[in-house]
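Q: Can you keep this structure in mind? I'll have questions shortly.
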Amino acid sequence: AREALARAAIGFSLRQFRDIARALPTITAPVRVIHGRHDPLLPDIERTVERLRADLPRVEVTVLDDCAHFIQLEAPERIGPMLAEFLRSVDNGG
C-alpha cells in the first residue's frame with residue numbers, strides 16, 4: 001500500500017503540489033473526509049486534515065478513533081451511512 005501511495009504522488013512536481021495547495025480554498029463543493037486515527041500509511045494525517053479544515057470552506061471531517069488506513073474495510077457499517085447522509089445533504093443543496 002505504501003508503494004502504491006508513493007507511485008500515485010511520484011508524477012507530481014513540487015510546483016504541482018503547491019498549485020494544488022493554492023487551489024484548495026477555491027473549491028466550493030462540499031467535501032467529506034473520514035479517516036482513521038491510527039493510519040500507519042499516512043502518519044501525518046492529522047496535520048493534513050487540519051490544513052484541509054483551514055483551506056476548504058465546506059469540509060466535514062470525521063476521525064474514527066479505532067481505525068487505521070482501510071476504514072471502508074474496518075468499519076463499513078459506519079462509513080456507508082456517513083457517506084449516504086453526506087450525499088443526501090449534497091443532493092438537497094447542503
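Throughout, read-outs are computed from the coordinates displayed, never taken from laboratory work. Keep in mind that this is a model prediction, so the values were computed, not measured. Counting neighbours? That spans all protein chains shown, and the Cβs are built from the backbone with ideal geometry, glycine included.
Q: Can you compute the FRET efficiency between residue 70 and residue 29 using 1/(1 + (r/R0)^6), with r the Cβ-Cβ distance and R0 = 30 Å? Round to the nearest 0.05.
A: With a Förster radius of 30 Å, E is 0.75.
Q: Given the Cα-Cα distance of residue 53 and residue 38 and 0.36 nm per residue of separation, how much length would full extension add, in nm?
A: So the extension gain works out to 3.5 nm.
Q: Something else now. With each label point set 7 Å from Cα along the Cα-Cβ vector, what nm distance links residue 15 and residue 46?
A: 3.6
Q: In whole angstrom, and with the biggest value first, how far do the Cα coordinates of the stretch 1-49 range along each principal axis?
A: Sorted largest first, the three principal extents are 30, 25, 16 Å.
Q: Can you list, largest first and rounded to whole Å, the semi-axes you get for the chain by taking the square root of 5 times each eigenvalue of its Cα gyration tensor?
A: The three semi-axes for the chain are 23, 20, 12 Å.
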